[in-house]
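As structure tokens, the structure follows; a few thoughts come after it.
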């Protein structure tokens, strides 16, 4: 049995669409990994399963070159067929125990959370062995999740206090509207890992954008 990937050192998680309008998916993914992105998730509701599998192969090859991770969102069948090392679900998707029944013990499984109660439940599920990480957000309103109310920095603070430290921490990421102008605020609230979309996908230099975000994360934890 292959061990689950270790998220201890993962700090920067990128979600991107297929970049169909730019036709630069392969070069973009490679640049993002080169800039220091730890995990790239392909999230695009407009593409068919066959195209998603083809693009995931591009992500996989880039991830292997850079010794990084890649993720599938929502669809356990796509995750299983692609061999994705990371699988992410929302609150209304498959429960983590059902995910394990489909995908087995090897993949890293993550869950979105939007309330203190959901954060606490995710932590309990992680400590029970079904989850590996959770996300907290959206911290700020974002067009990638239309209609989803922002949770603000208080939920980030709650997660920081509840997830634990001193070797017993459950890995978690702040997500939602985070960019170069406000990333220091989520770091000050206790986040040490973030998920971004537009801060890198809309940057003229994806590698530089990733490196800039990582510099703030590093400064927030004393460069550790």
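The values are calculated or read from the model by the stated rules, or taken from the named source; none is laboratory data. Here the structure is a predicted model, which is why all the values come from computation and not from measurement. Cβ coordinates were reconstructed from backbone atoms using ideal geometry, including for glycine residues, and neighbour counts include every protein chain displayed.
Odds and ends about this structure:
- Of the residues making up region 90-117, those that are buried (at least 17 other Cβ atoms within 10 Å of the Cβ) and under 22 Å from residue 152 (Cβ atoms) are 110, 111, 112, 113, 114.
Each row is one residue, and each column tells you yes or no for (1) surrounded by fewer than 22 Cβ atoms within 10 Å (Cβ to Cβ); (2) at pLDDT below 95; (3) over 14 Å from the mean Cα position of the chain (by Cα).
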| site | (1), (2), (3) |
| --- | --- |
| 175 | no, no, no |
| 183 | no, no, yes |
| 219 | yes, yes, yes |
| 223 | yes, yes, yes |
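- Condition check for residue 151: closer than 19 Å to residue 190 by Cβ, surrounded by 15 or more Cβ atoms within 10 Å (Cβ to Cβ) and within 17 Å of the chain's Cα centre (by Cα): no
- Positions within region 74-89 being surrounded by fewer than 22 Cβ atoms within 10 Å (Cβ to Cβ) and in a loop (DSSP other than H, G, I, E, B), in sequence order: 74, 75, 83, 85
- Qualifying residue in region 35-45 (condition: within 23 Å of residue 174 (Cα to Cα) and surrounded by fewer than 14 Cβ atoms within 10 Å (Cβ to Cβ)): yes
- Scan of region 71-88 for residues that are closer than 14 Å to residue 58 by Cα, more than 12 Å from the chain's Cα centre (by Cα) and touching a residue at least 24 places away in the same chain (Cβ under 8 Å), ordered by number: 82, 84
- Flag if residue 125 is closer than 19 Å to residue 7 by Cα and under 16 Å from the mean Cα position of the chain (by Cα): no
- Any hit, region 61-74, residues being on the phi > 0 side of the Ramachandran plot and touching a helix residue (DSSP H, G or I) at 6+ places or on another chain (Cβ under 6 Å): no
- Members of region 31-54 that are over 19 Å from residue 196 (Cβ atoms), in contact with a helix residue (DSSP H, G or I) (Cβ under 8 Å, 6 or more places away or on another chain) and either touching a residue at least 60 places away in the same chain (Cβ under 8 Å) or part of a helix (DSSP H, G or I) (or both): 49, 52, 53
- All positions within region 55-65 that are touching a residue at least 12 places away in the same chain (Cβ under 8 Å) and either outside any helix (DSSP H, G or I) or within 15 Å of residue 86 (Cβ to Cβ) (or both): 56, 59, 60, 62, 63
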